[in-house]
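Below you'll find the structure, written out as structure tokens, and then a few comments.
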Amino acid sequence: MLRSMVDVVTIGESMILFQPMTDSSIQYAPLFTKSIAGAESNIAIGLTRLGKKVRWVSRVGDDAFGKYLLATLAGEGVDVSQCKVLQNESTAIYFKDIKGSQDPTVYYYRKGSAASKFKRNDIQSGWFEGAHHLHVTGITPALGENTAEMMIEAMERAREKGMTISFDPNIRRKLWSEEQARQTILKMIPLCDIFLPGLDECQFLFGEKTRDEYGDILLNMGPSLTVIKLGEEGSMAITKNFSVKKDGYSVERVVDTVGAGDAFASGCLSILLDVPNLREELEDPVNIRDIVGDAIGRGNRLGALAVQFKGDWEGLPTLQELKAMEQGKESVSR
Ligand code: KDG
């Protein structure tokens, strides 16, 4: 059967997210809102809203949460046809404690979840059918005994098929030991074309160095493009032929920082994935300096939008809304 083309495939776990409805901390909050979140599904929604066709591959439990999760993503227009509902398994949940201006604290209830059982033999050719690009994170390999092996194999298969790959390390210290995280992420980096770490993640992986030194190390490891996220300062892109930095957007009130990196990746990829023959262009990037600059600028804008909303993806714009912002048009709401 010939399926329609897919711009991006992403593989990972999404969870049911509960957040206190009021400003009180989780311990005292009487009421919670329910939504979904997970780095890969955040990106799937972000890119879909920006007009890309995205397939999210996962496993959920045969429970009400699994149904809600799949319905939410399908409702957003994400292709969930390669997700499986596993009998007698459960869908993961997590809680986010927002404490004023600090980064929220998250509490995971995901050990032994349906998606944590992913293994190498689960990989299906249908995951990649008709697809151009794979986006992965460092969260999925941390979930279960076999998920790192599965992710590495998925990246290798995508490469064999000629797909480009982006990788956000999304280091989550609550999920694995520092040593396991470092070892696995260092194995995954050479398999990607576009690496999207935060500055703190570069420090974690390579120790204290300058930004240019991180760029040199990473260029020698394999990715043709590394984009280092610098928080409020913006972001910088490094290729073998040039580097470019774009300033961040100032934000009046930061509500919730979780999901900002995924918003950044969605914005950045939404422009890069429009480049024909992306891998060749990235390998010898002479003509795409401006495009890379625009991509990280859009990433910065989306990151700044995401932190102003409670929830990981609720504040992400549609392409039409984004274009209006990029052209400086005021929105007319009534
Ligand atoms: O990047 C945001 C994610 O961290 C959040 O959605 C939850 O996927 C998640 C995780 O594992 O931390």
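The values are calculated or read from the model by the stated rules, or taken from the named source; none is laboratory data. Source: prediction; values computed, not measured. For neighbour counting, all protein chains shown are included, and Cβ atoms are generated from backbone atoms with ideal geometry for every residue, glycine included. Accessible surface areas use protein heavy atoms only, side chains included; no ligands, DNA or RNA. Shrake-Rupley method; radii C 1.70, N 1.55, O 1.52, S 1.80 Å.
If you go through the stretch 1-50, how many residues are within 15 Å of the ligand (Cβ to nearest atom) and more than 18 Å from Asp79 (Cβ to Cβ)?
Of the residues in that region, 9 qualify.
Can you spot a residue in the stretch 55-64 that is away from the ligand (no atom under 16 Å from the Cβ) and crowded, with 24+ Cβ neighbours inside 10 Å? Write out each step before concluding.
The first filter runs over the stretch 55-64 and keeps only residues away from the ligand (no atom under 16 Å from the Cβ), leaving 55, 61-64.
Next, from what is left, pick out any that are crowded, with 24+ Cβ neighbours inside 10 Å: 55.
Yes; the residues of the stretch 55-64 include at least one that is away from the ligand (no atom under 16 Å from the Cβ) and crowded, with 24+ Cβ neighbours inside 10 Å.
With respect to Glu208, determine if the residue is open to solvent by 20 Å² or more (accessible area, probe 1.4 Å) and either assigned to a helix (DSSP H, G or I) or within 16 Å of the ligand (Cβ to nearest atom) (or both).
Spelling it out, it is not the case that Glu208 is open to solvent by 20 Å² or more (accessible area, probe 1.4 Å) and either assigned to a helix (DSSP H, G or I) or within 16 Å of the ligand (Cβ to nearest atom) (or both).
Listed here are the residues, each with its yes/no results for (1) within 14 Å of the ligand (Cβ to nearest atom); (2) open to solvent by 40 Å² or more (accessible area, probe 1.4 Å); (3) under 24 Å from Ala263 (Cα atoms).
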residue: Val136; (1), (2), (3): yes, no, yes
residue: Ile139; (1), (2), (3): yes, no, yes
residue: Gly144; (1), (2), (3): yes, no, no
residue: Glu153; (1), (2), (3): no, no, no
residue: Gly162; (1), (2), (3): no, yes, no
residue: Glu179; (1), (2), (3): no, yes, no
residue: Lys187; (1), (2), (3): no, yes, no
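Do you know which residues across the stretch 65-84 are open to solvent by 40 Å² or more (accessible area, probe 1.4 Å), within 16 Å of the ligand (Cβ to nearest atom) and not aromatic (Phe, Trp, Tyr)?
Glu76, the sole residue that qualifies.
Taking Ala148 and the conditions (1) within 16 Å of the ligand (Cβ to nearest atom); (2) touching a helix residue (DSSP H, G or I) at 6+ places or on another chain (Cβ under 6 Å); (3) touching a residue at least 60 places away in the same chain (Cβ under 8 Å), which numbered condition does it fall short on, given that it satisfies the others?
The one condition Ala148 does not meet is (3).
Out of Val307, Val286, I need the residue that is more than 27 Å from Ser14 (Cα to Cα) and of a type in the set (A, V, I, L, M). Which one?
Val286
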